[in-house]
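Colleague: Below: one structure in structure tokens.
The values are calculated or read from the model by the stated rules, or taken from the named source; none is laboratory data. In this text the structure is predicted, and so the values were computed from the model without any measurement. Here Cβ is always computed from backbone atoms with ideal geometry, including for glycine, and neighbour counts include all displayed protein chains. All accessible areas refer to the heavy atoms of the entire protein, side chains included, with ligands and DNA or RNA removed. Shrake-Rupley method; radii C 1.70, N 1.55, O 1.52, S 1.80 Å.
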Amino acid sequence: ERASSGRLSCASSRATAFDTCDGTPDTISRSLATLAQKGLTYLGYTTTTYTTTGFTSARVLARAPTDQAVYVHSHGDQYYDPYPRQVQGFREDGGDCSQAIVYAPQLAAVRAPVVHLVIMSACHLAEAARTAGVPTMAAAYGIARVKYTDPHGPDAGSRFFLGYEGVAYTVDMLHFEQHFWAYVTSGHLLGDAFTLARAAGDAWPGRWILDL
């Protein structure tokens, strides 16, 4: 599951927005970005991290044609675009909860031909589509939305999507992702790291879906 030389990845995290939304200082978003950057680097990707004014919808879309691994920590939802059509997406950084949204169909139109690893550390982005014909975030990256079952199956190690169902709190994301990346960087397969991290006693069991 290690990347070959020259593969690019990016890790983007909303480092300011969570302060504004709930009025409490947020250090978790930066911790998540650091974990992801170290984990992606361990896997062999040349990784660039973006936060605050560096994490914009324009930058995400500009990098999408070349990034073969993507990590995003942000506010995620199935947004009306327009009502009643609902589309999965996540917000760029910038200090409040009304910033620009990167939508799944936008990414589907420009992403790299093959994307090996996508982690959406955000609410709702592992869910099924609520509007027929609209791609999920996993589908936008060309990854089928199926539960991880067989570490030796036909796609084992080649394509991996991890996201959260429903509402997930940043403290629980941090707990889960600390375990996940610790297992990854100790040499476990991505799917096995996922399974082991879920068993680590997080407060929201069953929130995580792995698509492989």
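Colleague: Could you check the stretch 111-142 and list, in sequence order, the residues that are over 9 Å from the mean Cα position of the chain (by Cα) and hydroxyl-bearing (Ser, Thr, Tyr)?
Modeller: 131, 136, 141
Colleague: With (1) within 28 Å of residue 130 (Cβ to Cβ); (2) crowded, with 17+ Cβ neighbours inside 10 Å; (3) modelled with pLDDT of 60 or more as the list, and residue 193 as the residue in question, which single condition is left unmet?
Modeller: That leaves (1) as the condition not met.
Colleague: Run residue 151 past the list (1) open to solvent by 40 Å² or more (accessible area, probe 1.4 Å); (2) closer than 26 Å to residue 35 by Cβ; (3) at pLDDT below 90; (4) not in a helix (DSSP H, G or I) and report the number of the one that doesn't hold.
Modeller: (1)
Colleague: Limited to the stretch 134-148, what total is found for residues that are open to solvent by 20 Å² or more (accessible area, probe 1.4 Å) and touching a helix residue (DSSP H, G or I) at 6+ places or on another chain (Cβ under 6 Å)?
Modeller: Selection size over the stretch 134-148: 3.
Colleague: Something else now. Of all strands (runs of 3 or more DSSP E) completely enclosed by the stretch 1-114, which ones contain at least 1 residues that are at pLDDT below 85 and open to solvent by 30 Å² or more (accessible area, probe 1.4 Å)?
Modeller: Details: elements: 8-13, 46-51, 67-73, 76-80, 86-91, 101-103.
Those strands (runs of 3 or more DSSP E) span 8-13.
Colleague: Also, quick follow-up: Scan (1) surrounded by fewer than 19 Cβ atoms within 10 Å (Cβ to Cβ); (2) not in a loop (DSSP other than H, G, I, E, B) for the single condition residue 131 breaks and write down its number.
Modeller: Answer for residue 131: the failing condition is (2).
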